[in-house]
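The values are calculated or read from the model by the stated rules, or taken from the named source; none is laboratory data. Predicted, not measured: the structure shown is a model, and the values here were computed from it. Cβ placement follows ideal geometry from the backbone for every residue including glycine, while neighbour counts extend to all protein chains displayed.
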Amino acid sequence: MNRATALLLTIGMMVLMVIATPVRANDLAGPAPQTDPTAKFKKAAAKTQIPWFYLAAIYQYESNLQWRKKAAAGETVVELPAPLWCGSLNPNQQDRFEGTIRVYGGIGRDGNRDGIADPKKEEDVLYALATFLRSNGNTEDDIRITLWNHYHESMIVDRITSYARIYNHFGTTNLQGNAFPIPKRYNYTYRSTWGDRRGWGGRRIHEGTDIFAGYGTPVVATTYGYVELKGWNDYGGWRIGIRDLNNIYHYYAHLSSYAKGIQLRNIVTPGQVIGYVGSSGYGKPGTSGKFAPHLHYGMYRDTGTTEFAFDPTPYLRRWERQSRKK
């Protein structure tokens, strides 16, 4: 066998080995992105002197409304109405030229300087939103007025400004991670009770998962967010509701008491104690003991037009596994 033949055989064997080697998903995915998404908000906000965290907050709120959609690189899922983008009196509601858009009072901007004010491009939309937010000035009161003039709903204004408080508090939008609602050093049991029948107060289905634990067992926040509701509910007893940055409401019910210092609008972090397991509920304020002590944990998604409950059990399983690894 000459050298040329041997070389060809060697190359052939190497090719066969490569073909026979299974491809793993991680091999195709490449390294995880290291870029902090906060930078894009700071860049766009700098052009208009708007605090970056307000821009990040309205962008997050609008993105949440399109939660089922995915965007290609450089594009956005945010959908701004044509009259807002182009100007309500603009005869061309597909206008992509910043000059005429400005004439008609539209917010559309050419953020990436490619000559086109494109409502599908992320840089353009970010610059446009920053322009929109400064309509009445750049203080919190000014921005709240701008938001009210657009949404005409105080709940949305409060939600966006609460997101802004969270981003400002942590100095970043890169807030990831969750926690199981019961610390791992405590005993607890649970199974999926989503959809089970309930009779107190009329026939209904169970919108959550019950986690049984002893009286006084600490209950922790599962996510970054803020306290949206706190107090008595005839069904849930002493309860607390936390709104996260994905517009999901986390409902913790049947508590025996709250953690010291927990108040409405407080910012919370995953793993932070917010209350303690009890058996309150099913009656007037103070009613307790009608069932075994447990935490009722529910999750509700707000789409902007409706809010619906969904089964939290798969999320609890995932967070439980993650908690055990720590």
Would you confirm whether any residue within the stretch 223-234 is farther than 27 Å from residue 156 by Cα and either of a type outside the set (S, T, N, Q) or in a strand (DSSP E or B) (or both)?
no
Within the stretch 263-270, is there a residue that is of a type in the set (A, V, I, L, M, F, W, C), surrounded by 14 or more Cβ atoms within 10 Å (Cβ to Cβ), in contact with a helix residue (DSSP H, G or I) (Cβ under 6 Å, 6 or more places away or on another chain) and on the phi < 0 side of the Ramachandran plot?
yes
I'd like the residue in the stretch 54-76 that is at pLDDT 95 or above and over 15 Å from the mean Cα position of the chain (by Cα) and, out of all such residues, is nearest to residue 157 (Cα to Cα).
54
Evaluate the following for residue 211: is it without any contact (Cβ under 8 Å) to a residue 12 or more places away in the chain, in contact with a strand residue (DSSP E or B) (Cβ under 9 Å, 6 or more places away or on another chain) and either crowded, with 17+ Cβ neighbours inside 10 Å or among the aliphatic types (A, V, I, L, M) (or both)?
no
Residue hits (the stretch 154-179; over 13 Å from residue 54 (Cα atoms) and small (Gly, Ala, Ser)) are 154, 177, 179
Can you tell me how many residues in the stretch 74-101 are of a type in the set (D, E, K, R), outside any helix (DSSP H, G or I) and buried (at least 19 other Cβ atoms within 10 Å of the Cβ)?
1
On the basis of being on the phi < 0 side of the Ramachandran plot and part of a helix (DSSP H, G or I), does residue 118 make the cut?
no
Where residues in the stretch 26-53 are under 13 Å from residue 129 (Cβ atoms) and modelled with pLDDT under 90, which of them is surrounded by the fewest Cβ atoms within 10 Å (Cβ to Cβ)?
47
Quick one: in the stretch 48-73, of everything that is in contact with a helix residue (DSSP H, G or I) (Cβ under 6 Å, 6 or more places away or on another chain) and in a loop (DSSP other than H, G, I, E, B), which residue is nearest to residue 92 (Cα to Cα)?
48
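Table: residues versus (1) in contact with a helix residue (DSSP H, G or I) (Cβ under 8 Å, 6 or more places away or on another chain); (2) under 30 Å from residue 271 (Cβ atoms); (3) in the same structural domain as residue 60 (by TED's automatic domain parsing).
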{"residue": "100", "(1), (2), (3)": "no, no, yes"}
{"residue": "103", "(1), (2), (3)": "no, no, yes"}
{"residue": "114", "(1), (2), (3)": "no, no, yes"}
{"residue": "117", "(1), (2), (3)": "yes, no, yes"}
{"residue": "122", "(1), (2), (3)": "yes, no, yes"}
{"residue": "141", "(1), (2), (3)": "no, no, yes"}
{"residue": "152", "(1), (2), (3)": "no, no, yes"}
{"residue": "176", "(1), (2), (3)": "no, yes, no"}
Can you tell me which residues in the stretch 102-118 are closer than 21 Å to residue 147 by Cβ and either at pLDDT below 95 or surrounded by fewer than 24 Cβ atoms within 10 Å (Cβ to Cβ) (or both)?
105, 107, 111
Of the residues that make up the stretch 312-321, is at least one in a strand (DSSP E or B) and either at negative phi or among the hydrophobic types (A, V, I, L, M, F, W, C) (or both)?
no
For the stretch 237-281, which residues satisfy the criterion of being among the charged types (D, E, K, R) and either under 27 Å from residue 59 (Cα atoms) or not assigned by TED's automatic domain parsing to the domain that holds residue 219 (or both)?
243, 244, 265
Residue 295 vs (1) at pLDDT 95 or above; (2) in a loop (DSSP other than H, G, I, E, B); (3) of a type outside the set (Phe, Trp, Tyr): all pass except (2)
